[in-house]
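Inspection log for the structure reproduced underneath, given as C-alpha coordinates.
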Amino acid sequence: YTPISFYRQGTTAGGISANVGSTPFFFSASDARLKHVVVPLEPHLDRIRALQARSFRWNDSGEAGEGFVAQEVQEVYPDLVDTGEDGMMTLQGLGKVETRIIKALQELADKVESLEAQLAELKH
(Lines give C-alpha, C1' and ligand atoms only; values in the text may rest on other atoms or scores of the structure.)
Protein backbone atom coordinates (compact mmCIF):
# COMPACT_ATOMS: atom_id res chain seq x y z
CA TYR A 1 0.00 0.00 0.00
CA THR A 2 1.17 3.51 -0.74
CA PRO A 3 0.93 5.64 2.38
CA ILE A 4 -0.25 9.21 2.41
CA SER A 5 2.61 11.03 4.06
CA PHE A 6 2.86 14.40 5.72
CA TYR A 7 6.17 16.22 5.70
CA ARG A 8 7.86 18.73 7.96
CA GLN A 9 10.95 20.45 6.64
CA GLY A 10 11.46 17.74 4.01
CA THR A 11 11.25 14.80 6.42
CA THR A 12 8.26 12.48 6.82
CA ALA A 13 6.37 13.64 9.90
CA GLY A 14 3.66 10.99 9.68
CA GLY A 15 0.83 9.79 7.56
CA ILE A 16 -1.92 7.29 6.91
CA SER A 17 -1.40 3.79 5.52
CA ALA A 18 -3.02 0.35 5.56
CA ASN A 19 -1.77 -3.03 6.74
CA VAL A 20 -2.06 -6.32 4.84
CA GLY A 21 -5.65 -6.67 6.06
CA SER A 22 -6.46 -3.26 4.55
CA THR A 23 -6.94 -1.77 8.00
CA PRO A 24 -5.99 1.90 7.91
CA PHE A 25 -3.68 3.28 10.57
CA PHE A 26 -1.93 6.53 11.38
CA PHE A 27 1.82 6.67 11.83
CA SER A 28 4.19 9.34 13.01
CA ALA A 29 7.92 9.84 12.71
CA SER A 30 9.78 8.47 15.70
CA ASP A 31 13.36 7.89 14.56
CA ALA A 32 15.97 8.86 17.17
CA ARG A 33 17.88 10.75 14.49
CA LEU A 34 15.01 13.26 14.34
CA LYS A 35 15.18 14.11 18.06
CA HIS A 36 17.48 15.69 20.59
CA VAL A 37 17.33 16.41 24.33
CA VAL A 38 15.49 13.13 24.88
CA VAL A 39 14.53 12.74 28.56
CA PRO A 40 11.93 10.70 30.47
CA LEU A 41 8.40 12.10 30.38
CA GLU A 42 7.14 13.74 33.57
CA PRO A 43 4.37 11.94 35.54
CA HIS A 44 0.90 12.47 34.05
CA LEU A 45 -1.53 10.54 36.23
CA ASP A 46 -2.78 13.63 38.08
CA ARG A 47 -3.31 15.50 34.81
CA ILE A 48 -5.02 12.49 33.18
CA ARG A 49 -7.28 12.21 36.22
CA ALA A 50 -8.20 15.89 35.80
CA LEU A 51 -9.60 15.31 32.29
CA GLN A 52 -13.39 15.06 32.15
CA ALA A 53 -14.66 12.38 29.75
CA ARG A 54 -18.15 13.40 28.67
CA SER A 55 -21.13 11.99 26.84
CA PHE A 56 -23.19 14.53 24.93
CA ARG A 57 -25.43 15.23 21.94
CA TRP A 58 -24.23 17.21 18.92
CA ASN A 59 -26.16 20.45 18.38
CA ASP A 60 -26.48 20.03 14.59
CA SER A 61 -27.58 16.38 14.40
CA GLY A 62 -28.74 15.46 17.89
CA GLU A 63 -26.54 12.34 17.63
CA ALA A 64 -24.93 10.98 20.78
CA GLY A 65 -21.19 11.43 21.19
CA GLU A 66 -18.39 10.73 23.65
CA GLY A 67 -15.27 12.75 24.14
CA PHE A 68 -13.87 15.83 25.78
CA VAL A 69 -14.75 19.51 25.73
CA ALA A 70 -11.86 21.47 24.22
CA GLN A 71 -12.12 24.34 26.71
CA GLU A 72 -11.81 21.86 29.62
CA VAL A 73 -8.89 20.01 28.03
CA GLN A 74 -7.15 23.34 27.42
CA GLU A 75 -6.96 23.87 31.20
CA VAL A 76 -5.02 20.59 31.62
CA TYR A 77 -3.22 20.11 28.28
CA PRO A 78 -3.20 23.37 26.29
CA ASP A 79 -0.93 21.80 23.65
CA LEU A 80 -3.75 19.43 22.61
CA VAL A 81 -6.10 22.27 21.66
CA ASP A 82 -6.10 24.33 18.47
CA THR A 83 -8.32 27.30 17.70
CA GLY A 84 -9.45 27.80 14.12
CA GLU A 85 -9.88 31.10 12.33
CA ASP A 86 -13.57 30.90 13.20
CA GLY A 87 -12.73 30.64 16.93
CA MET A 88 -13.91 27.04 17.17
CA MET A 89 -11.61 24.73 19.13
CA THR A 90 -10.42 21.30 18.02
CA LEU A 91 -8.58 18.55 19.89
CA GLN A 92 -5.55 16.57 18.78
CA GLY A 93 -5.41 12.84 19.47
CA LEU A 94 -8.47 12.54 21.71
CA GLY A 95 -11.04 10.48 19.85
CA LYS A 96 -13.66 8.06 21.11
CA VAL A 97 -11.18 5.25 21.81
CA GLU A 98 -8.80 7.53 23.72
CA THR A 99 -11.75 8.91 25.71
CA ARG A 100 -12.74 5.42 26.80
CA ILE A 101 -9.16 4.42 27.64
CA ILE A 102 -8.64 7.57 29.71
CA LYS A 103 -11.93 6.99 31.55
CA ALA A 104 -10.91 3.38 32.31
CA LEU A 105 -7.49 4.55 33.53
CA GLN A 106 -9.18 7.06 35.84
CA GLU A 107 -11.42 4.30 37.22
CA LEU A 108 -8.39 2.08 37.83
CA ALA A 109 -6.54 4.92 39.57
CA ASP A 110 -9.57 5.41 41.86
CA LYS A 111 -9.61 1.68 42.68
CA VAL A 112 -5.88 1.65 43.44
CA GLU A 113 -6.31 4.69 45.70
CA SER A 114 -9.17 2.96 47.53
CA LEU A 115 -7.20 -0.28 47.94
CA GLU A 116 -4.17 1.65 49.22
CA ALA A 117 -6.38 3.33 51.83
CA GLN A 118 -7.81 -0.03 52.90
CA LEU A 119 -4.31 -1.50 53.15
CA ALA A 120 -3.13 1.43 55.25
CA GLU A 121 -6.07 0.87 57.64
CA LEU A 122 -5.21 -2.84 57.96
CA LYS A 123 -1.59 -2.01 58.81
CA HIS A 124 -2.68 0.13 61.79
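The values are calculated or read from the model by the stated rules, or taken from the named source; none is laboratory data. Please read these numbers as outputs of a predicted model, since none were measured by experiment. To get the accessible areas, we keep the full protein, side chains included, count just its heavy atoms, and leave off ligands, DNA and RNA. Shrake-Rupley method; radii C 1.70, N 1.55, O 1.52, S 1.80 Å.
Relative contact order for the chain: what is it in percent, counting Cα pairs under 8 Å that are at least 6 residues apart?
13
Sequence neighbours fewer than 8 away in the same chain don't count; with that in mind, list the lysines whose C-alpha is under 20 Å from Lys111.
Excluding near neighbours in sequence, the set is Lys103, Lys123.
Would you mind telling me the share, in percent, of accessible area of the chain contributed by carbon and sulfur at probe 1.4 angstrom?
Ligands and nucleic acids excluded, carbon and sulfur give 56 percent.
With a probe of 1.4 Å, find how much accessible area the chain has per residue, and write the answer as a whole number in Å².
83
In degrees, nearest 10, range 0 to 90: what is the angle between the Cα axis of helix 96-123 and the longest Cα principal axis of the chain?
The angle comes out near 20 degrees.
Considering the values [x] 19.4, 63; [y] 14.4, 44; [z] 13.3, 41, which represents Rg and Dmax of the Cα atoms in Å as calculated for the structure under consideration?
[x]
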